[in-house]
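Worksheet: one structure, shown below.
The values are calculated or read from the model by the stated rules, or taken from the named source; none is laboratory data. The structure presented is a predicted model; accordingly, all values stated were derived computationally and were not measured. Quick reminder, even Gly has a Cβ in these numbers, built from the backbone with ideal geometry, and neighbours come from all protein chains shown. Heads up: the accessible areas ignore ligands, DNA and RNA and are worked out on the full protein's heavy atoms, side chains in. Shrake-Rupley method; radii C 1.70, N 1.55, O 1.52, S 1.80 Å.
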Number of protein chains: 2
Amino acid sequence: MCQLMAMSANVPTDARFSFSGLVARGGGTDVHRDGWGIAFYRGRGVQEFRDPQPSVDSRVAALVKSQSIKSELVISHIRQANVGAVSLENTHPFVRELWGRYWVFAHNGQLRGVRKALPLGRFQPVGGTDSEWAFCWLLAQLEQRFDSWPRSPKLLGEFIAGCSRQLHQLGVANFLLSDGRALYAHCSTRLHWLTRRAPFGVARLKDIEMEVDFSRETTPNDIVSVLATEPLTVAEPWLQMTPGSSLMMQKGRVKALD
Amino acid sequence: MCQLMAMSANVPTDARFSFSGLVARGGGTDVHRDGWGIAFYRGRGVQEFRDPQPSVDSRVAALVKSQSIKSELVISHIRQANVGAVSLENTHPFVRELWGRYWVFAHNGQLRGVRKALPLGRFQPVGGTDSEWAFCWLLAQLEQRFDSWPRSPKLLGEFIAGCSRQLHQLGVANFLLSDGRALYAHCSTRLHWLTRRAPFGVARLKDIEMEVDFSRETTPNDIVSVLATEPLTVAEPWLQMTPGSSLMMQKGRVKALD
């Protein structure tokens with residue numbers, strides 16, 4: 001199994017605090033030693049860092065922790081391989097272009113029989129994971145359903161939630177998908193989320209000795225939501241998603257999806 | 001204008017030496033301050049680093065210079081913007097998947113009237129450069145010509161060389177394209193290359209005080225070719241490509257293309 005993390009905010013926000021908690025689980029406080037990756041949307045572009053090395057030992061991860069990269073939408077993943085070798089091409093998040101937008105996908109869980117159950121279109125997996133196959137299938141579904149990038153994030157989200165239910169039937173499909181405008185998340189088993197807004201307080205990570213006083217880092221209008229397989233901080237009101245449910249995050253605001 | 005660099009080798013090889021020379025031109029010894037990027041093929045995967053910051057000031061570039069990332073095929077680019085804003089989405093190299101392979105593209109030059117002259121297929125640019133447009137067109141041409149990934153790199157290279165001539169008619173099309181198996185290069189105006197093989201000697205960079213004794217870093221069977229807009233080292237026999245010509249590099253060996 002793997003662990004997921006995402007952030008959505010209404011202003012470009014530094015995700016180092018959450019990332020530091022996540023990567024401690026990549027061979028430090030937990031067993032997800034088989035690579036890690038993070039994608040930051042910046043404008044229409046994506047800045048990605050990935051490494052098949054355990055994140056606790058990775059110099060690239062150390063760089064990401066030491067730099068203030070501000071983004072409104074971040075997706076990250078640490079991997080414990082079950083299907084597919086430990087290699088760069090099997091390292092999440094995966095990125096593809098559709099309708100002139102970069103789509104980013106990360107998955108936690110195991111899906112059975114994807115090759116039979118999920119017919120692909122033009123997007124083909126490069127590596128050997130069930131996750132990348134599912135991503136390629138999702139993009140094919142989107143392309144079949146919509147002629148161009150849908151104007152309504154809600155409409156898009158509801159269609160993705162429908163696809164999620166098909167994935168859910170094949171096994172465990174906790175996943176994060178984004179087109180840079182909104183983040184779509186599906187929970188098969190475990191996903192937690194949290195919204196921070198004024199009045200901001202102090203947050204303390206669960207996995208390492210680190211705390212941040214968000215009142216010093218933010219303005220009163222900031223809204224920042226964080227999503228993670230397991231809560232990243234102590235003493236904050238993380239909410240657990242119901243298995244089988246989907247949600248979307250846009251500019252820090254969270255909406256349930258049918 | 002921009003500058004290009006590529007490396008092809010028959011064993012995973014550290015490209016730090018060439019990259020260090022190139023990035024010095026990103027605001028140090030030359031004016032290419034509008035971002036930079038590098039893509040390392042590792043297995044079927046691509047590890048990429050990119051930054052819209054000048055490469056001389058970039059902490060990400062400092063990390064790449066300080067790490068020994070071994071790869072058989074590397075493409076890098078430093079940018080001086082002419083068409084398209086300075087932004088992450090306009091930062092080369094560009095990456096797309098076709099036939100289950102990642103394709104990497106970097107371009108130096110300016111192409112006029114791409115929107116009219118180069119009809120696109122399913123690949124759409126995310127940013128606003130003529131370069132990314134040309135890349136999307138090239139992939140459409142490939143997909144139209146071949147049903148699946150051609151087994152023969154030479155056949156593929158000759159088709160790409162044919163497409164290059166069309167780009168060449170629109171302006172300056174010095175570019176590098178790879179599917180991870182071979183590197184295809186077209187020269188409109190300036191591109192130089194060099195093959196290093198036994199007996200290896202000492203090489204000294206042109207732009208910064210740095211030298212390497214390759215006899216200590218290699219085995220007698222290693223073959224490493226480097227390609228760059230301007231020669232990166234002094235006192236080595238760089239060859240200048242003829243304007244209008246194309247070549248391919250595979251496992252360090254260079255072949256001319258018709």
The rounded separation in angstrom of the Cα centers of region B:9-42 and region A:87-140 is 30
Karplus ³J(HN,Hα) for region A:22-39 (6.51 cos²θ - 1.76 cosθ + 1.60, θ = phi - 60°; Hz, whole; x = Gly/Pro) runs 4, 6, 4, 7, x, x, x, 7, 8, 9, 7, 9, 9, x, 7, x, 9, 10
Evaluated at 20 °C and 1.002 mPa s, the Stokes-Einstein D of the protein assembly as shown based on the Kirkwood radius over Cα pairs, in µm²/s, stands at 91
Losing no less than 40 Å² of accessible area (probe 1.4 Å) relative to the isolated chain, the residues of region B:71-91 are B:LEU88, B:GLU89
In vacuo Debye sum over C-alpha of region B:5-104, base-10 log of normalised intensity I(q)/I(0) at q = 0.13, 0.15, 0.16 Å⁻¹, listed in q order, is -0.43, -0.56, -0.64
Candidates B:GLY45, B:GLY37, B:GLY27; GNM for chain B (alpha-carbon contacts under 10 Å) flags as most fluctuating B:GLY45
Which of A:LYS116/A:LYS255; A:LYS70/A:LYS255; A:LYS206/B:LYS65; A:LYS70/B:LYS70; A:LYS70/B:LYS206 exceed 27 Å between C-alpha atoms? The answer is A:LYS116/A:LYS255; A:LYS206/B:LYS65; A:LYS70/B:LYS70; A:LYS70/B:LYS206
Computed for chain B: size of charge dipole around the Cα centre, +1 on C-beta of each Lys and Arg, -1 on C-beta of each Asp and Glu, debye to nearest 20, value 480
Checked against the positive end of the charge dipole of region B:3-257 (+1 on Cβ of Lys and Arg, -1 on Cβ of Asp and Glu, about the Cα centre), the farthest of B:GLY162, B:ALA6, B:GLN80 is B:GLY162
In whole percent, the Cα-Cα distances of region A:78-131 spread across 5 Å bins from 0 upward as 4, 17, 27, 27, 17, 7, 1
Largest-first ranking of B:VAL83, A:VAL31 by accessible area, probe 1.4 Å, whole protein assembly kept, is A:VAL31, B:VAL83
Shielding of A:40-49 by other chains, given as the mean Cβ count within 10 Å, works out to 6
Ordered by number, the trypsin sites (Lys or Arg not before Pro) in region A:132-185 that occupy a DSSP loop and have at most 10 other Cβ atoms within 10 Å are A:ARG151
The Cα radius of gyration of region A:96-227, divided by 2.2 N^0.38 Å with N its residue count, comes to 1.25
Here the Kirkwood hydrodynamic radius of chain A, Cα-based and in Å, equals 18.1
A 1.4 Å probe over the protein heavy atoms gives region A:3-257 a carbon and sulfur accessible-area percentage of 48
Mean-square fluctuation maximum in Gaussian network of chain B, Cα pairs under 10 Å, restricted to B:THR91, B:THR13, B:THR219, hits B:THR219
With a 1.4 Å probe and ligands and nucleic acids left out, the total accessible area lost when B pairs with A, in Å² to the nearest 100, equals 2700
Chain B accessible area per residue, 1.4 Å probe, protein heavy atoms, integer Å², reads 38
Taking every residue of A:126-139, the Cβ atoms of other protein chains inside 10 Å of its Cβ average out to 1
Given unit charges at Cβ for Lys, Arg (+) and Asp, Glu (-), the dipole magnitude of the protein assembly as shown about its Cα centre in debye, nearest 20, is 840
Treating only Lys and Arg (+1) and Asp and Glu (-1) as charged, each at its beta carbon, one finds that region A:152-209 has a dipole about its Cα centre, in Debye to the nearest 20, of 180
The orientation-averaged projected area of the Cα convex hull of region A:45-171, in nm², is 8.4
Over its alpha-carbon atoms, region B:42-95 yields an Rg and a Dmax in Å of 12.2, 34
Cα gyration tensor of region B:186-258 diagonalised, 5x eigenvalues square-rooted, in angstrom largest first, produces semi-axes 23, 16, 7
